[in-house]
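Data block below; observations after.
The values are calculated or read from the model by the stated rules, or taken from the named source; none is laboratory data. Because the structure is predicted, anything quoted here is derived from the model rather than measured. Because the Cβ atoms are built from the backbone with ideal geometry, glycine has one as well, and the counts that use them run over all protein chains shown.
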Amino acid sequence: MSCVFITDFYMALTCIQLCQRCTSLLRSRSVGIITLQYSTDAQNWPAALWNSFIVPVLPSVLQRSPSPSQTRQRWNLGVRSYCESHAKVQPSQTKHGNTDELPGTDMVSYQNPLSHQLRDGGMLLKEWQTALDLDDAPGHSALEEISHEEAVRMDIPAALPPVSISLKDYVNESETLSKLVQLGVQLWKLEQRPNVGSMLLRLDFQTDVTPRLVFLKQLGVEDSRLGYLISHNPFILTESLENLQARVAYLRSKKFSAESVASMVSRAPYLLNFSVKRMDNRLGFYQQQLGLSAQKTRDVVVRLPRLLCGSLEPVKENLKICKLEMGFRENELQHIVTVIPKVLTANKRKLTQIFDYIHNTMNIPHDLIVKFPQVLNAKYLRIKERHLFLQYLDKAQYDPAKPNYICLDKLVSLPDEAFCTEVASATLKDFELFQKTM
Amino acid sequence: MTTPSVRVFHKLEGLFSIYKPPGVHWKLVRDTVETNLLKGINAAPPPGPRQRVQFLAEPTSVMAEGSSELTLSAASVPALAHHPLVSGPEFQHIGVGVGHRLDVFSSGVLVLGVGQANKALTDLYRSHVTRDYTLEGELGMATDNFSHTGRLIERTTYDHITRDKLERVLAMMQGSNQKALLTYSKVDMSTQEAYELAVKGELRPDGKSPPIMTGLRLLHFQPPHFTLEVQCLNETQRYLCRILHEVGLELRSTAVCKGVRRTRDGPFTIQHALTHQHWTSPDVIQAIRQYRSSRKAGKAKHTQPGKDTGTASQRQEMAEEAPVNRVYFVFVKLF
């Protein structure tokens, strides 16, 4: 019989050995959206091996009970040999009688062509400088008996695939990943982002992750928020500590208190990845454009820290809309922004739709809107339904000067039950029946 | 292995109706309902943490010559590969299908189906169930898209329009629609069978047909506003706005549509449609159960035709809803 069949088990063993010991090699490969190339089809293996295997092939499993240093040496040799001369699979020379056994039990041993001596078999590698000859008889059989001590000492680590689309293949073996899971990081979301999965695998928990976690804790970020922070911004683990400290020092120098810095960092995970210059630019912009004092600007930024993270273009457009389209004055705009900073990053279309309905259909003047800026933050459908319900009940009166005045704040922020009983003096059922007539 | 999430999902598989508010695209509505249902499904407690066994070689203090024992200790270590933070929530997508769609301008009953019930949805879509609409119109205006939000083209007077003129126009339209119904039903008009079907009101178009109105009624008339109730087949909401426009033209004036509201889609009425604060999994489960029980009650009533239904008016009502019942009986028994 001419073909050499390779068992799953031994194939796995070789891969396992090299995969387990070559984490450094894995770091140089990207893990992520590359599909798994590991093939278990015995027929296709010889050809598929050279083409698909990224990780080089290691010395054979025949090296029973090798000493770690010896194996590492051999592995290093193996790496070099792979790089120099594309891996060659050398069949071991054994008795031809073995080929009469079941096909699945034969195996091929992988040697590197450099000279080193096999312990068993007594064959010097120098003698094996031939190319792969699949017609040769296979080497040691899987059914060969070994002593108990050797069996116990044989370390069979888990089968780590060289490439994968998911981090769940590595989470049991990787200390970093398992510790991140314990922190509460959502690995399933992070692995969908390009290159983030491989970056996390390459991190070392003691040298990379721990110092940054300690830094965040010292900053005042709560333990329960660390998971959220890393889930949204895994790159905080690759940012250099000097940069992080410099940015925190900058914020403190701008007279942000320690608690406010901690709260800002936990609510805007990307904050500390931005340079000091960028943060300075944004703080300056807000202070200048809104014309607020330093303390008020600080308050606005602490309320909505993502103002320092995103682009300034949408904010500029929103400010233009408020001034020109809606016609708010400077001081009115300042008051709105200090109460509801979200207006600066709101969706333009929705903002104009709500304002148009409130001002033109409900006939609410500007000064009343400025008194209750929460209406600009509410949902359009909610305002519309409640206003039409009140109109149907003849209670839609928003002028504080006249009797039976309905406060805009109550119109918008009360939950349905409370709104129906307090403001409209009707039942929830009536409100739902009315909603179905819209 | 059925986890609690899978059991919740099976409870959610069914048909239910929601009330679509005006001004919202139907796709947004469907996505919102899907997100809410996913939240409810994934809120179920996840399956317990799995463990795997790892064998560790204990160091043998005494290496006996010749015989050494196999000393391996089994340790149960947690397997994190199936932790929800690593593999994600159990359900990341469910199939929520939509029945007859509603455009952005209209509102009303929108039938949705989850999971296996989408097959019944396709049957509903293909069967000839009628739908009820309430159209609000305003006389004296004409716009480019037949609704009051479009660009104004013409303004006309409407003082000469009276209620009976309007009703005459509606009767004429209903007549032409009835003729179309007879044509498209492809039934031979000179047979006894055709007469009986027509008397009971069970004529339906066979195969594809243009939009046909099987019923048209004036609900409310206060110039310039008026309200029509329409029962139709194979329609689109834009077609209904056009109907209002044509009504205006027939009256030597113009009219625009101010609102299209679907009050019934086959067996789903507006009474049990869920408003947007009730688009959550417990409310949807209850709506599905209620629909199924009402179907069972309807089937029980239907399979006992000898039962005395009471007065003549009641019998007439039964006759009116019987064609609708009979037509969708086929897919109803699935859900």
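The figures follow:
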{"item": "Enumeration of residues in segment A:357-373 that are polar (S, T, N, Q) and in a helix (DSSP H, G or I)", "result": "A:Asn360, A:Thr361"}
{"item": "Criterion: surrounded by 15 or more Cβ atoms within 10 Å (Cβ to Cβ) and either over 15 Å from the mean Cα position of the chain (by Cα) or acidic (Asp, Glu) (or both) - qualifying residue of B:His245, B:His276", "result": "B:His245"}
{"item": "So A:Met362, is it under 26 Å from A:Leu308 (Cβ atoms) and surrounded by 13 or more Cβ atoms within 10 Å (Cβ to Cβ)", "result": "no"}
{"item": "Pick from segment A:178-193, criterion over 12 Å from A:Pro234 (Cα atoms) and touching a residue at least 24 places away in the same chain (Cβ under 8 Å), ranking: surrounded by the fewest Cβ atoms within 10 Å (Cβ to Cβ)", "result": "A:Lys179"}
{"item": "Residues within segment A:179-198 that are touching a Phe, Trp or Tyr at 6+ places or on another chain (Cβ under 9 Å) and either farther than 28 Å from A:Val214 by Cα or facing chain B (nearest Cβ under 9 Å) (or both), tallied", "result": "4"}
{"item": "Residues being surrounded by 14 or more Cβ atoms within 10 Å (Cβ to Cβ) and in contact with a Ser or Thr (Cβ under 8 Å, 6 or more places away or on another chain) - total across segment A:306-325", "result": "7"}
{"item": "Candidates A:Leu307, A:Leu292 - the one that is part of a loop (DSSP other than H, G, I, E, B) and touching a Phe, Trp or Tyr at 6+ places or on another chain (Cβ under 8 Å)", "result": "A:Leu292"}
{"item": "Segment B:229-249 residues that are under 24 Å from B:Arg204 (Cβ atoms), paired with ones that are in a helix (DSSP H, G or I) (beta carbon under 7 Å, 6 or more apart)", "result": "B:Val230/B:Leu240"}
{"item": "Scan of segment B:260-296 for residues that are more than 20 Å from B:Ala120 (Cα to Cα), within 14 Å of chain A (Cβ to nearest Cβ) and of a type outside the set (A, V, I, L, M), ordered by number", "result": "B:Arg261, B:Arg262, B:Thr263, B:Gln271, B:Thr275, B:His276, B:Gln277, B:His278, B:Trp279, B:Thr280, B:Asp283"}
{"item": "Failed item in (1) closer than 18 Å to B:Leu216 by Cβ; (2) among the small types (Gly, Ala, Ser); (3) touching a residue at least 40 places away in the same chain (Cβ under 8 Å), with B:Ser147 passing the rest", "result": "(1)"}
{"item": "All positions within segment A:165-178 that are of a type outside the set (Val, Ile, Thr) and more than 11 Å from chain B (Cβ to nearest Cβ)", "result": "A:Glu175"}
{"item": "Selection count where residues are within 14 Å of chain B (Cβ to nearest Cβ) and over 23 Å from B:Val24 (Cα atoms), scope segment A:396-426", "result": "5"}
{"item": "Residues located in segment B:222-242, provided they are under 19 Å from A:Thr437 (Cα atoms) and surrounded by fewer than 17 Cβ atoms within 10 Å (Cβ to Cβ)", "result": "B:Gln222, B:His225, B:Glu229"}
{"item": "Any hit, segment B:252-259, residues being within 14 Å of chain A (Cβ to nearest Cβ) and either at positive phi or in contact (Cβ under 8 Å) with a residue 60 or more places away in the chain (or both)", "result": "yes"}
{"item": "Identity of the residue in segment A:235-251, among the polar types (S, T, N, Q) and part of a helix (DSSP H, G or I), that ends up farthest from A:Phe215 (Cα to Cα)", "result": "A:Asn243"}
{"item": "Among the residues listed as B:Cys232, B:Cys241, B:Cys257, the single one being assigned by the TED database to the domain that holds B:Arg163, within 19 Å of B:Met141 (Cα to Cα) and assigned to a strand (DSSP E or B)", "result": "B:Cys257"}
{"item": "Filter pass, B:Phe105 being modelled with pLDDT of 90 or more and out of contact with any helix residue (DSSP H, G or I) (no Cβ under 6 Å at 6 or more places or on another chain)", "result": "yes"}
{"item": "Selection count where residues are crowded, with 16+ Cβ neighbours inside 10 Å and either assigned to a loop (DSSP other than H, G, I, E, B) or touching a strand residue (DSSP E or B) at 6+ places or on another chain (Cβ under 6 Å) (or both), scope segment A:257-273", "result": "3"}
{"item": "Number of the exception - A:Val152 against (1) more than 9 Å from chain B (Cβ to nearest Cβ); (2) modelled with pLDDT under 85", "result": "(1)"}
{"item": "Residue ranges of strands (runs of 3 or more DSSP E) in segment B:68-139 with at least 1 members under 21 Å from B:Arg262 (Cα atoms), more than 13 Å from the chain's Cα centre (by Cα) and within 14 Å of another protein chain (Cβ to nearest Cβ)", "result": "B:131-139"}
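Residue-by-condition table, conditions (1) under 19 Å from B:Thr227 (Cβ atoms); (2) among the small types (Gly, Ala, Ser); (3) touching a helix residue (DSSP H, G or I) at 6+ places or on another chain (Cβ under 8 Å):
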| residue | (1), (2), (3) |
| --- | --- |
| B:Glu136 | yes, no, no |
| B:Met141 | yes, no, no |
| B:Asn145 | no, no, yes |
| B:Gly150 | no, yes, no |
| B:Arg155 | no, no, no |
| B:Ile161 | yes, no, no |
| B:Arg168 | yes, no, no |
| B:Gln174 | yes, no, no |
| B:Lys179 | no, no, no |
